[in-house]
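The values are calculated or read from the model by the stated rules, or taken from the named source; none is laboratory data. All of these numbers come straight from a predicted model, not from anything done at the bench. Here the Cβ positions follow ideal geometry from the backbone for every residue, glycine too, while neighbour counts run over all protein chains shown. Note: areas computed on protein heavy atoms with side chains; ligands, DNA, RNA excluded. Shrake-Rupley method; radii C 1.70, N 1.55, O 1.52, S 1.80 Å.
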Amino acid sequence: YKVYVLDQIDETIAATTVFTDAVRDGDVAAAQEAYAPSRQGWERIEPVAESFGDLDPKIDGRAEVEAEGMEFTGFHRLERDLWETGLQPDSAAMADRLLADVTELVTRAKAVELNPLQLANGSKALLDEIATGKITGEEERYSHTDLWDFEANVEGSTAAIAALRPYLATADPALVATIDERGKALSDLLETYREGDGFVLYTDLTPQDVKKLTTALDA
């Protein structure tokens with residue numbers, strides 16, 4: 001799983017470079033197009049995001065961090081600039097900081113010691129977070145690209161469980177079969193909202209759609 005994490009960080013650095021270059025160039029349309037793809041590698045490693053210390057809120061914090069005395073930086077600060085307020089005088093500097101923080105993930109990830117219980121609990125906690133929090137559209141509140149995050153979160157959780165499969169398959173094969181079955185059902189449901197290389201905007205979903213996703217995530 002550590003190899004998986006490092007691979008996803010490399011992908012994030014490459015995609016975030018494209019995104020932040022567009023922000024620095026003042027090309028709003030290109031930056032908006034690059035935004036959701038740039039986040040997917042990060043969202044895949046969220047089961048262990050807390051292992052990276054203060055980089056988690058710096059990279060992925062929402063506006064509420066200001067109430068906790070932190071500066072609002074990272075992906076969601078630039079999301080707000082691109083969809084809500086327009087680019088700000090410090091947007092380019094924020095892009096520089098985001099790319100630096102994402103690059104720092106490599107050093108942090110290499111130093112992290114992961115354990116099986118952390119992977120299992122992190123995966124479950126992430127799916128719970130989607131089902132109870134992200135399902136409201138709170139995370140991508142300006143761009144409404146939540147389904148890109150959901151897909152990446154599910155993929156990351158699935159990868160964590162895959163790393164535990166040799167043990168689980170012996171300890172509880174029935175549980176593995178259940179996880180596989182319900183995981184496929186969730187992935188299949190997400191696929192019904194596919195549009196081109198991405199997904200429909202979250203605001204296009206009906207209340208019934210959201211209920212279906214919640215039920216699949218709970219399972």
Rounded to whole Hz, the Karplus (6.51, -1.76, 1.60) HN-Hα couplings of the stretch 179-187, x for glycine and proline: 4, 4, 5, 6, x, 5, 4, 5, 5
message: I'd like to check one number: the per residue accessible area of the stretch 57-211, probe 1.4 Å, reported in Å² as a whole number.
response: 51 Å²
- request: Could I get the Rg over Rh figure for the stretch 79-176? Both from C-alpha atoms, Rh via Kirkwood, rounded to two places.
  value: 1.09
field: Distance between the stretch 154-172 and the stretch 93-119 - C-alpha centres, whole angstrom
entry: 23 Å
message: Give me the percent of accessible area attributable to carbon and sulfur for the stretch 18-142, probe 1.4 angstrom.
response: 51 percent
message: Spelling out what I want: for every residue of the stretch 189-197, take phi, set θ = phi - 60°, compute 6.51 cos²θ - 1.76 cosθ + 1.60 (Karplus), and round to whole Hz; glycine and proline get x.
response: 5, 4, 4, 5, 9, 5, 9, x, 7
task: Can you figure out the FRET efficiency of LEU6 with ASN121, using R₀ = 25 Å and their beta-carbon distance, to the nearest 0.05?
output: 0.75
field: Compactness of the chain - radius of gyration and Dmax, Cα, Å
entry: 17.4, 57
- line: Most fluctuating of ILE45, ILE179, ILE161 in the GNM of the chain (C-alpha, under 10 Å) is ILE179
Straight-distance crosslink candidates among lysines, where the alpha carbon sits under 25 Å from LYS212 and sequence neighbours closer than 8 are dropped: LYS124, LYS134, LYS184
query: How much FRET efficiency would the formula 1/(1 + (r/R0)^6) give for GLU138 and TYR167, where r is the Cβ-Cβ distance and R0 is 41 Å, rounded to 0.05?
result: 0.75
- line: Expected vector for the stretch 140-152, Karplus 3J(HN,Hα) from phi with 6.51, -1.76, 1.60 and θ = phi - 60°, integer Hz, x for Gly and Pro, equals 9, 5, 9, 8, 6, 9, 4, 5, 4, 5, 4, 4, 5
task: Mind listing the long-range amide H neighbours of GLY137? Cut-off is under 5 Å, sequence gap 5 or more, other chains count too, H placed in the peptide plane at 1.01 Å from N.
output: none
